[in-house]
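**Q** Pasting in a structure now, in structure tokens, and then I'll have a few things to ask.
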Amino acid sequence: TWAWAPPPTPAGTVRIAVVQPGVIDGGTDGRRRFDREEALTRRLAGRGVELVVWGESSVGQDLGTRPDLRARLAALSRTVGAELLVNVDARRADQPGIFKSSVLVGPDGPTGDRYDKMRLVPFGEYVPARSVLGWATSVGRAAGEDRRRGERPVVMRIGSADGLPAGPLVCFESAFPDMSRHLVREGARILVAQSSTSTFQHSWAPEQHASLAALRAAETGRPMVHATLTGMSAVAGPRGEPVG
């Protein structure tokens, strides 16, 4: 079977920045990475950016328990004149367990828009049938503790209540076409994937993963941003063409 869809019609433009800190040596709590992302983001002041996207696990502490990090992110938003979409990989303060969450931050702090990753990477983020396969944690890099799953997709409004509707995905989720289609049906005008791929440095995987942005964009007729910590970040236009 096949289907035909009309070509996407441009509805305007938006200027989005991706902050890619690269490999950060030393420390396990993410402080050095945060410092690097903060310094890079400050450089965007005065450049007319409307949204700044950080990669997966770009914030390693829960913002609910770290007012200092909330204040630094809010100050960055004011400095740049744009909201920040960060990704928090941490144990939640308001409920049990570790989540990977896309969090939108404005000049006054987190806006309340939050998406918790729904589809987790087997072994990397949870161990299937842990009671049977838990031994994998002793011979490889399998997750020592299962991360918790989000319950629903989220469309966020960038800038204001009637601003640009954006649909966030986290890393592995860009491989599933049903997820991006669902976000578009819910009103998303742009798709944003936050990724890491640090484990796959110096392999073909980061480039292949970034190419999924073009595929999802062409399928849905929506631009897509692929922002990663290391490797390859990319932006695809609504026909899948590279635009950044």
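**Q** Within segment 154-211, can you find the residues that are part of a helix (DSSP H, G or I), in contact (Cβ under 8 Å) with a residue 12 or more places away in the chain and closer than 23 Å to residue 12 by Cα?
**A** 180, 181, 182, 183, 184
**Q** May I ask you to list the residues in segment 198-226 that are more than 20 Å from residue 239 (Cβ to Cβ) and open to solvent by less than 20 Å² (accessible area, probe 1.4 Å)?
**A** Matches in segment 198-226: 205, 206.
**Q** Another question about this same structure. Restricting attention to segment 212-235, and to residues there that are part of a loop (DSSP other than H, G, I, E, B) and polar (S, T, N, Q), which single residue is modelled with the lowest pLDDT?
**A** Of the residues in segment 212-235, the ones part of a loop (DSSP other than H, G, I, E, B) are 221-223, 229-233.
Imposing the further condition that a residue be polar (S, T, N, Q) reduces the set to 230, 233.
Values: 230: 89, 233: 93.
Among residues in segment 212-235 that are part of a loop (DSSP other than H, G, I, E, B) and polar (S, T, N, Q), the one modelled with the lowest pLDDT is 230.
**Q** So, one more: Just to check your reading of the model, which residue among 11, 45, 93 is touching a residue at least 24 places away in the same chain (Cβ under 8 Å) and touching a helix residue (DSSP H, G or I) at 6+ places or on another chain (Cβ under 8 Å)? Spell out the reasoning first.
**A** Numbers: 11 fails: touching a helix residue (DSSP H, G or I) at 6+ places or on another chain (Cβ under 8 Å); 93 fails: touching a helix residue (DSSP H, G or I) at 6+ places or on another chain (Cβ under 8 Å).
So the residue among 11, 45, 93 that is touching a residue at least 24 places away in the same chain (Cβ under 8 Å) and touching a helix residue (DSSP H, G or I) at 6+ places or on another chain (Cβ under 8 Å) is 45.
**Q** Looking at (1) at pLDDT 95 or above; (2) in a strand (DSSP E or B); (3) crowded, with 18+ Cβ neighbours inside 10 Å, which one does residue 113 not meet, given that it meets all the others?
**A** (1) is the only condition that residue 113 fails.
The values are calculated or read from the model by the stated rules, or taken from the named source; none is laboratory data. Since the model is a prediction, treat every value here as computed from it, not as a measurement. Note that each Cβ is placed from the backbone with ideal geometry, even for glycine, and that neighbours are counted across all protein chains shown. These area figures cover heavy atoms from the full protein model, side chains too; ligands, DNA and RNA do not enter into them. Shrake-Rupley method; radii C 1.70, N 1.55, O 1.52, S 1.80 Å.
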